[in-house]
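The next block holds one structure in the form of structure tokens; read it before the comments.
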Amino acid sequence: MKRFITNCKQLLKRCVNRNRFMTLVIGVITVSSIFVTVAMGLYASSGAAQVDLSRPGFKAVRKDTALPDSQEETFSATGGIDKLTLQEYQRLYAERTKGILEADGFAKDVLSPEALSISRSEAMTAPDNAP
Amino acid sequence: MMKKIIIVMTVVALIVGTGHHVRAETRLPLSLDELETVRNNCVGAQSILYRIHANDGVLRVNLKRRYDSIATKLMAPLNSRMTLNRLDATKLVATTADYERELDNFRQLYQSYEETISQAIFFHCKSQPADFYDIVTGARDKRMAVDRSVKQLNSIIRQYAGAVKELEDSLDKRLQERS
């Protein structure tokens, strides 16, 4: 077994010395592939893939993304606290949270077997899943 | 030495290899008629799933952006201002911590749901209708879990508003006591 490993090592050395350029190219491709695999793994596992609307399949709905409002009123982190400030804060808070609290989000049961027409009962017309 | 390495690698490969092929048990076995219905309608179901996946993706991005905005532009500045004014912000900070925790939970739940629905979209449903049905059922359960997380976040948002109102009332009381 030791002899076999030694022979393999010597053969590999000879190949590398004869074809240095090809070894460089193969080495670069291998290292790049490893980095790309690691990067794609991080992309999938970190949750970035779920918010990446540039992926194919999201083309039709990309325009529905709400753009961040740079003119949005902000509440300062410094300053005094009195009744007026808190009332102003509550007004801002109610305004900012109104849309989220009124939306039904993921409440609609759009994945039921009936909605997808994969149940035995009479298939309903699949609901229009507009956000 | 080589033998030991080979045995260890074989055992590791078996553990890793078998681990990936755990299949969810069908909750209720489907009848032949049901399997046939799934087989016949699954392609249409996959196109519906494709649209749902896209719409949910936008909903998730919009929701997360607004939730993040609430945390960074509303909750954090008030907590900071309370601390700077040496007022008791314990309840507000605790609610903010719950909010951040639930937001992280929402992100993880959505990720799991998105992976399952993506699996259903690209599954060979005609050849494996029972497994396809299981995956869709799993996606449905996960979507409901995401919905529960959204409701919990909304509840915490209301809780925070309640805490701010309490703070306003306590400040009012203090002013009245002084006068």
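For region A:21-115, the gyration tensor built on C-alpha atoms gives an oblate shape. Its axis ratio a/c (a ≥ b ≥ c) is at least 1.5, and a/b is not larger than b/c. For a label point 7 angstrom out from the Cα of residue B:3 toward its Cβ, which stretches of region A:1-36 have the backbone nitrogen within less than 19 Å? Correct set: A:1-5.
To put it simply, the accessible area of chain B at a 1.4 Å probe is 58 percent carbon and sulfur. Stretching residue A:82 away from residue A:60 to a fully extended chain increases their span by 3.1 nm, per 0.36 nm per residue minus the current alpha-carbon distance. The shape of region B:29-179 comes out prolate: with a ≥ b ≥ c from the C-alpha gyration tensor, a/c is at least 1.5 and a/b beats b/c.
Surface composition of region A:79-126: carbon and sulfur atoms hold 51% of the protein heavy-atom accessible area at a 1.4 Å probe. Does the protein assembly as shown come out rounded, prolate or oblate, given a ≥ b ≥ c as the square roots of the eigenvalues of its C-alpha gyration tensor, rounded meaning a/c under 1.5 and, failing that, prolate meaning a/b above b/c? The shape class here is oblate. Across the options B:129, B:150, B:160, the greatest Cα extent toward the positive end of the charge dipole of region B:103-179 (unit charges at beta carbon of Lys, Arg, Asp, Glu) belongs to B:160.
Helical content alone sets the calculated 222 nm signal of chain B at -30000 deg cm²/dmol, taking -39,500 (n - 2.57) per DSSP H segment of four or more residues and averaging over every residue. Sequentially through region A:21-29, phi angles give Karplus couplings (6.51, -1.76, 1.60; θ = phi - 60°) of 5, 4, 4, 4, 4, 5, x, 4, 4 Hz, Gly and Pro residues having no value and appearing as x.
The B-A contact accounts for roughly 5700 square angstrom of buried accessible surface, both chains included, probe 1.4 angstrom. Surface analysis of chain A yields an accessible area of 71 Å² per residue, using protein heavy atoms and a 1.4 Å probe.
Taking every Cα-Cα distance in region A:79-126 and sorting them into 10 Å bins from zero, the calculated P(r) comes out as 22, 23, 18, 14, 12, 10, 2 percent.
Of all the accessible heavy-atom surface of region A:1-49, with the other protein chains kept in place and a 1.4 Å probe, what percent is carbon and sulfur? The computed percentage sits at 73.
Only the Cβ atoms of Lys and Arg (+1) and of Asp and Glu (-1) were treated as charged; on that basis the dipole of region A:1-105 about its Cα centre amounts to roughly 1820 debye. Rounded to the nearest 20 debye, the dipole size of the protein assembly as shown about its Cα centre is 2260 debye, using +1 on the Cβ of Lys and Arg and -1 on the Cβ of Asp and Glu.
The values are calculated or read from the model by the stated rules, or taken from the named source; none is laboratory data. Everything quoted here is computed from the prediction, not taken from an experiment. Counting neighbours? That spans all protein chains shown, and the Cβs are built from the backbone with ideal geometry, glycine included. Heavy atoms of the whole protein, side chains included, go into the accessibility calculation; ligands, DNA and RNA do not. Shrake-Rupley method; radii C 1.70, N 1.55, O 1.52, S 1.80 Å.
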